[in-house]
Amino acid sequence: MSVVELIIFCVWIARIIWNIFSYANLWFVKEYRLDRMLIHLRTDQGRWILFPAFRRPPISPKTIVLVTATLFIVGSFLYTKQFSILISLFIVDLLLFPIMGFIVFILQIPTFLYHAIIISLAVSKLRSHKKMICIGITGSYGKTSTKEYLATIMSESHAVLKTEKSKNSPIGIAECILQSLSPSHTAFVAEMGAYKIGEISEMSRMVLPEVGIVTAINEQHQDLFGSIDTTMRAKYELIENLTGRKIAIMNTDNPYVVTMSEWAKKDGVDVWYYTTDMQKKLSSEHIFYIKDIVELADRIRFSISYMKKQYEVSVSVIGKFQALNITAAVAAAVASGMEIQNAVKVCKNLHAVSKMMQRLKGIRESIYINDTFNNNPDAACAAIEYMRSGKKKKILVFQPMIELGSFSESAHMRVGKLAGEVCDEIILTNTNFRTPFMRGIESSGGHAHVLVVSSNEAQNFLRNYLHEGDMVLFKGKEAQSVLTLLEGKSA
């Protein structure tokens, strides 16, 4: 092997290893689901799948198996020397992603068996546990915040078990039960997510919730659900599987949830409502009206009107929309037996959930808003609305949204229009759906300047641009990479 060939060999091997780790991370992000990966491949990023941005995968059994198996296959192929070394490297490079996809496909069989065993063990442990209050939470967005708020409120009178982070799948709930359920627990708060019909039914049959919360329905994951109606049907599985007292707590500010509440009434479920519309006439004994929302720099204040009495709430979280999630949690606590005055009193202990509208101190006394947990049209608009409270420059670091199906263009136009109205600078983390986003900005009449740059270029721009009082909203998981670089370099 000549010196030139040796250099090419070393560089190419480094590239292959780079891609193996990047692909492993991508499969992790897509939850090892072939349907989600196929959607990704249709985006701008997916079309450049042979040149992925580097992301180190988290250490987990699946990523270890995937990386190890891939390295073994690649090493074995190169060792056979069926072709010249450079031709072999070219073949490996070209087929690397399909190889890893095939490994993921093969792993579905032992994964299915593992999940079945773990879920069976979890159900057995749950059934042998003393009777406790079980509450399920679902919706297109707002689930995790509501879950965290409810668990905090109920911990005042119960030993509460809650699902961790956004582990809202059947296996996530099962692992939570096996790892964390103890004899002392008297309440279980379970977040339930889904990508298709049947998944929430499975979780509900595990948990047997008496109380169910539906936070909101929107365009999220339409590439998987196919229609809003299918999304509603999938989320409604929580309500139709309620047991015992069968109390459904529904957000009537969302028209899709209003429709679902009518389904629930027909099914004989006791429907409770929460809403910001004081004029809305609702046929229920239990209606939680939200009024007089005031947004301060570090908190929100509002009132809850219930049973002709008014209760004042002051919480150290930001974003007016959080009043809905907090009220849903208060309503569920009341449905579980707490007095409303006690539930409201505990709200003083609530705080921002990690990476959800988290206000942080930035460089040169600027303000960072970390909202990188996830991204969807309504959450994006709500976070951008909060930026109106900023007194100086407003910068948005935004990851374009995927899996919105036929709503992709309209959703990006809607978010782009609002961003154009509010922001001075917009940094897009990739080129997905850039055209409709830009159309939205152009229609806003604003003056926002738009960049599409790498994470490193974005953090360099911000370090040179930011001054005291400037506000930066980081929205979506890719924006977290920019924030991490900023925090690392500003430490």
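Using only alpha-carbon positions in the stretch 123-269, the gyration tensor eigenvalues give semi-axes of 24, 16, 14 Å once each is multiplied by 5 and square-rooted (largest first). Expressed as a whole percent, the proportion of Cα-Cα pairs in the stretch 1-160 lying more than 26 Å apart is 49%.
Before anything else, pin down the relative contact order of the chain: Cα pairs under 8 Å, at least 6 apart, normalised by residue count, whole percent. Write out the running numbers ahead of the final one.
Details: 915 pairs, mean separation 54.8, N = 491.
Here the relative contact order equals 11 percent.
Restriction of the trypsin sites (Lys or Arg not before Pro) in the stretch 188-291 to DSSP coil positions whose beta-carbon has at most 12 other beta-carbons within 10 angstrom yields 245, 281. Between the amide H of residue 288 and those of 273, 274, 275, distances stay under 5 Å, these residues lying 5 or more places away or on another chain, with hydrogens modeled in the peptide plane. Accessible area per residue for the stretch 1-127, computed on protein heavy atoms with a 1.4 Å probe, is 61 Å². Here the sum of -39500 (n - 2.57) over DSSP H runs of 4 or more residues, divided by the residues of the chain, equals -16000 deg cm²/dmol at 222 nm, to the nearest 500. For residue 427, nonlocal amide neighbours, meaning residues 5 or more places apart or on other chains whose placed amide H falls under 5 Å from its own, are 396, 397, 398, 451. Note on the stretch 43-138: Rg/Rh from C-alpha atoms, Kirkwood Rh, equals 1.18. Of the trypsin sites (Lys or Arg not before Pro) found in the stretch 95-157, those in coil by DSSP whose Cβ has at most 11 other Cβ atoms within 10 Å are 130, 131. Ligands, DNA and RNA left out, the 1.4 Å accessible surface of the stretch 305-434 is 50% carbon and sulfur atoms. Quick check on the stretch 450-491: take the gyration tensor over C-alpha atoms, sort the square-rooted eigenvalues as a ≥ b ≥ c, and tell me if it's rounded (a/c under 1.5), prolate or oblate. Rounded is the answer for the stretch 450-491, as its axis ratio a/c remains below 1.5. Working note: Debye formula, equal point scatterers on the alpha-carbon atoms of the stretch 330-388, no solvent; log10 I(q)/I(0) at q = 0.13, 0.22 Å⁻¹ is -0.53, -0.91. Sparse packing (at most 11 other Cβ atoms within 10 Å of the Cβ) combined with a DSSP loop state is found for the following trypsin sites (Lys or Arg not before Pro) in the stretch 45-107: 81.
Along the chain, counting only GluC sites (Glu not before Pro) with a DSSP assignment other than H, G, I, E or B and at most 12 other Cβ atoms inside a 10 Å radius, the longest segment between sites is 32-284.
Please compute the contact order of the stretch 235-302 in relative form: average sequence separation of alpha-carbon pairs under 8 Å and at least six residues apart, divided by the residue count, as a percent.
23 percent
Each eigenvalue of the Cα gyration tensor of the chain, multiplied by 5 and square-rooted, gives one semi-axis; in descending order these are 41, 30, 20 Å. Only Lys, Arg, Asp and Glu carry charge here, each on its Cβ (+1 for the first two, -1 for the last two); on that basis the stretch 349-491 has a dipole of about 260 debye about its Cα centre.
Entry note, the stretch 11-118: relative contact order of 33 percent, from Cα contacts under 8 Å with a spacing of 6+ residues. Considering the stretch 1-59, its Cα convex hull presents a mean projected area of 4.9 nm². Rounded to whole numbers, the Karplus 3J(HN,Hα) couplings from phi for the stretch 7-18 are 5, 4, 4, 5, 5, 5, 4, 4, 4, 5, 5, 3 Hz, using 6.51 cos²θ - 1.76 cosθ + 1.60 with θ = phi - 60°, and x at Gly and Pro. Given axes a ≥ b ≥ c from the Cα gyration tensor, I'd like to know whether the stretch 338-491 is rounded (a/c under 1.5), prolate (a/b larger than b/c) or oblate. Since a/c reaches 1.5 but b/c is at least a/b, the shape of the stretch 338-491 is classed as oblate. In sequence order, the stretch 250-262 has phi-based couplings of 10, 8, 7, 6, 9, x, 5, 5, 4, 4, 5, 5, 5 Hz under the Karplus curve 6.51 cos²θ - 1.76 cosθ + 1.60, θ = phi - 60°, and Gly or Pro positions carry x.
Per-residue surface analysis assigns residue 169 an accessible area of about 40 Å², computed on protein heavy atoms at 1.4 Å probe radius.
Remark on residue 472: its backbone amide H falls under 5 Å from those of 367, 368, 369, 395, a criterion applied only to residues 5 or more positions apart or on other chains, H modelled at 1.01 Å from N. The angle between the Cα long axis of helix 228-240 and the longest principal axis of the Cα atoms of the chain comes to about 60 degrees, rounded to the nearest 10. The stretch 1-33 and the stretch 227-275 have Cα centres spaced 48 Å apart.
Note on the stretch 407-426 and the stretch 124-155: Cα centroid distance 34 Å, given to the nearest whole angstrom. Each residue of the stretch 120-125 is assigned a 3J(HN,Hα), and the resulting list reads 4, 5, 5, 4, 4, 5 Hz, derived from the Karplus form 6.51 cos²θ - 1.76 cosθ + 1.60 (θ = phi - 60°), x at Gly and Pro.
Taking a ≥ b ≥ c as the square roots of the Cα gyration tensor eigenvalues, with a/c under 1.5 meaning rounded and otherwise prolate when a/b beats b/c, else oblate, which class fits the stretch 179-228? The shape class here is prolate.
The values are calculated or read from the model by the stated rules, or taken from the named source; none is laboratory data. Worth saying up front: this structure is predicted, and the values here are computed from it rather than measured. Counting neighbours? That spans all protein chains shown, and the Cβs are built from the backbone with ideal geometry, glycine included. Heavy atoms of the whole protein, side chains included, go into the accessibility calculation; ligands, DNA and RNA do not. Shrake-Rupley method; radii C 1.70, N 1.55, O 1.52, S 1.80 Å.
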